[in-house]
Amino acid sequence: MRLILGPMEGVLDHLMREMLTDINDYDLCVTEFIRVIDQRLPKSVFYRLCPELLQGGRTKSGTPVRVQLLGQDPDWMAENAHLAASLGSPGIDINFGCPAKSVNKSRGGAVLLQEPDLMYRIVKAVRDAVDPRLPVTAKVRLGWDDPAHCFDIVDAVAQAKADEVTIHARTKADGYKAEAIKWDYIRQVKAKAAISVVANGEVWNHEDSNACMATTQADALMVCRGALNLPNLGNVVKYNQSHMPWHEVVSLLLKYSEYEIKGDKGLYYPNRVKQWFAYLRHEYPQAKELFADVRRHNKAAPIVEVLRSAQLALSA
């Protein structure tokens, strides 16, 4: 199975990508979105969000990392796509799925699902601007508030000659409600669409991935939130590997701490690690107890000390 580690703004940064691709056999990563408005962005923006560009567009373990762009102006999207490709991105992904109000208010992300014609023009402009040997892909939801719109949405992406579309099987209005998942719509799209289809949404373990692929008949699978709940989800999905035990997760948290504190986001480390705990608590009951100690601190050193104490207690 081809498996993609998807983007999550503010959580799945390059340090998390490096760590998760080191312990999982992902075939591709997609970056957090780079916001395009009305200018050609400086190269530094691309290097900041995707420092893997400086090492051949891959993580240290060799997983390709594709730059994702978000914006509503076809010409500026094309200009920045060309730049990202020239800097070494192994393809371009376009975000039509972000449900955040702040993004949608400025006509970015999922709000464009209401305008398939504009989606077509954006994808076509990007496709025309990028070397034809490089894949151009798009991430979408089923629609703004009506999942039946998915057929027009995917048709727009396919007609613009994108190579692949990732479909998150909920509408924007559905948010992330588990009960709102609609994998069957992906199967219907797959049956009609002349484009490779990647399924996304509500995959937390091996059983979910099997059920999703059986239902959707998709060509590949993307995981996002689940990869933070269960750090070795990639290999759980691909190889039915056992779920990572808690003591290994604590070691991973310490490794992540070293990455973050040494990296350029050291000041954000307390917020980042707390965000990760919010996901881990869904998979590991032990995370809830440890988080109670972590959340009291707003600086890196005492948080690391809490994690080290936890590691010592587990190894005693």
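Provide the percentage of antiparallel DSSP beta bridges, counting only those with both residues in the chain; round to the nearest 5. Write out the running numbers ahead of the final one.
On the way: 1 of 32 bridges.
Around 5 percent antiparallel, to the nearest 5.
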Straight-line reach from Lys299: which aspartates and glutamates have Cα under 16 Å away, leaving out those fewer than 8 places along the same chain? Glu258, Glu260, Asp264
Which of the peptides 268-279, 2-13 is most tightly packed, and how do the rest follow, going by the mean number of other Cβ atoms within 10 Å of each residue? 2-13, 268-279
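Over the chain, with every protein chain in place, what whole percent of the accessible area is carbon and sulfur at 1.4 Å, could you tell me? Walk me through the intermediate numbers first.
Values: 6600 of 13470 Å².
The computed percentage sits at 49.
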Could you tell me which label, among (i) 43, 19, 15; (ii) 33, 23, 17; (iii) 43, 21, 18, carries the value of semi-axes √(5λ) of the Cα gyration tensor in Å calculated for this structure? (ii)
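Within 10 Å, count the other beta carbons around each residue, average over each peptide in 217-228, 304-315, and list them highest first. Let's see the in-between values first.
Values: 217-228: 21.8, 304-315: 14.6.
Final packing ranking: 217-228, 304-315.
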Of Glu207, Glu283, Glu179, which is the most mobile in a GNM of the chain whose springs link Cα atoms less than 10 angstrom apart? Glu179
Per residue, accessible area of the stretch 70-178 with a 1.4 Å probe, heavy atoms of protein chains only, in Å², comes to 39 Å²
Heavy-atom surface of the stretch 183-316, accessible at 1.4 Å and reported per residue (Å²): 48 Å²
Along the charge dipole of the chain, pointing to its positive end and built from +1/-1 on Cβ of Lys, Arg, Asp and Glu, which listed residue (Ile181, Val273, His82) has its Cα farthest out? Val273
Springs between alpha-carbon atoms under 10 Å, Gaussian network over the chain: tell me which of Ile186, Ile195, Ile167 tops the mean-square fluctuations. Ile195
Spread of Cα-to-Cα distances over 10 Å intervals beginning at zero, given as percent, for the stretch 195-315: 13, 39, 28, 16, 4, 0
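The values are calculated or read from the model by the stated rules, or taken from the named source; none is laboratory data. In this text the structure is predicted, and so the values were computed from the model without any measurement. All Cβ positions, glycine included, derive from the backbone under ideal geometry; neighbour counts span all protein chains shown. Surface accessibility is based on the protein's heavy atoms, side chains included, excluding ligands, DNA and RNA. Shrake-Rupley method; radii C 1.70, N 1.55, O 1.52, S 1.80 Å.
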